[in-house]
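Enquirer: Dropping a structure here in structure tokens format, bear with me for questions.
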Amino acid sequence: MLKPGLFTYDQLQVGDAWLTDWANVSTQAIDAFATLTTDRFAIHLSDEGARAHGFDRRVAHGLLILSLVEGLKSSAQVQANTFASLGWDLSFRAPVYGGDSICATITVAAKRAAGVDKGMLTLDLCVKNQDGQIVQNGRTRLMAQRAPAR
């Protein structure tokens, strides 16, 4: 695991990894996300709606969890000096319920230089709940600053 700091493309190596802090997924956040996105599918709105579709209780939106992970990533003690997101390839593996907590392990999976001043980082994301269950996993690609030429 990397020690806290801000790392450029050149300082990061494939296999480097770090953990984020935890985020609580409140029912208020689920409600706010439903309102903001107009995604008002029944599983997100009530326990009854969730049970009608086979879940124990109301489920957080998968994209809400991704958004929380992005926030956790951008406020982690370890930071990649990135400036643009190029996309995600993510699987929703298990439901996240209101009241659950999540954290992520981030691992540098690949690097590709894109000139003298930037490079593309591919990061693996493994998101777990408070019970250690993987709830999302996948990859994100980011443009990162390279170390200044000397």
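Each reported figure results from applying straightforward, stated rules to the coordinates on display, with no laboratory input. Computed from a predicted structure; not experimentally measured. A quick note on method: Cβ atoms are made from the backbone with ideal geometry, for glycine too, and the neighbour counts reach across all protein chains shown.
Enquirer: Efficiency by 1/(1 + (r/R0)^6): what FRET value for K3 and Q133, r their Cβ-Cβ distance, R0 = 30 Å, to the nearest 0.05?
Expert: Working: r = 28 Å, r/R0 = 0.93.
About 0.60, to the nearest 0.05.
Enquirer: Which angle between 0 and 90 degrees, to the nearest 10, do you get for helix 62-74 versus the longest principal axis of the chain when only C-alpha atoms count?
Expert: Between helix and principal axis, roughly 40 degrees.
Enquirer: Related question: Ranked by Cβ crowding within 10 angstrom, fewest neighbours first, how are E48, E70 ordered?
Expert: By the 10 Å Cβ count, ascending, the order reads E48, E70.
Enquirer: Something else about it: If you fit an axis through the alpha-carbon atoms of helix 27-37 and take the longest principal axis of the Cα set of the chain, what angle between them do you get, 0 to 90°, nearest 10?
Expert: 80
Enquirer: Expressed as a rounded percentage, what relative contact order does region 5-145 have, with Cα pairs under 8 Å and six or more residues apart?
Expert: Relative contact order comes out at 31 percent.
Enquirer: Sorting H44, H53 on the 10 Å Cβ count, fewest up front, what's the list? Please report the intermediate quantities before stating the final value.
Expert: Values: H44 21, H53 10.
By the 10 Å Cβ count, ascending: H53, H44.
Enquirer: Between L63 and Q28, take the C-beta separation as r, use R0 = 22 Å, and let me know the FRET efficiency to the nearest 0.05.
Expert: Approximately 0.85, to the nearest 0.05.
Enquirer: I've got another one for you. Treating the beta-carbon of each Lys and Arg as +1 and of each Asp and Glu as -1, no other charges, what is the dipole magnitude of the chain about its Cα centre, to the nearest 20 debye?
Expert: The calculated dipole for the chain is roughly 540 debye.
Enquirer: Pick out, from V25, L142, Q13, the residue whose Cα sits farthest towards the positive end of the charge dipole of the chain, with +1 on the Cβ of Lys and Arg and -1 on the Cβ of Asp and Glu.
Expert: Q13
Enquirer: Listing F41, F83, F33, F55 from the residue with the fewest other Cβ atoms within 10 Å to the one with the most, what is the order?
Expert: Taking fewest neighbouring Cβ atoms as first place, the list is F83, F41, F55, F33.
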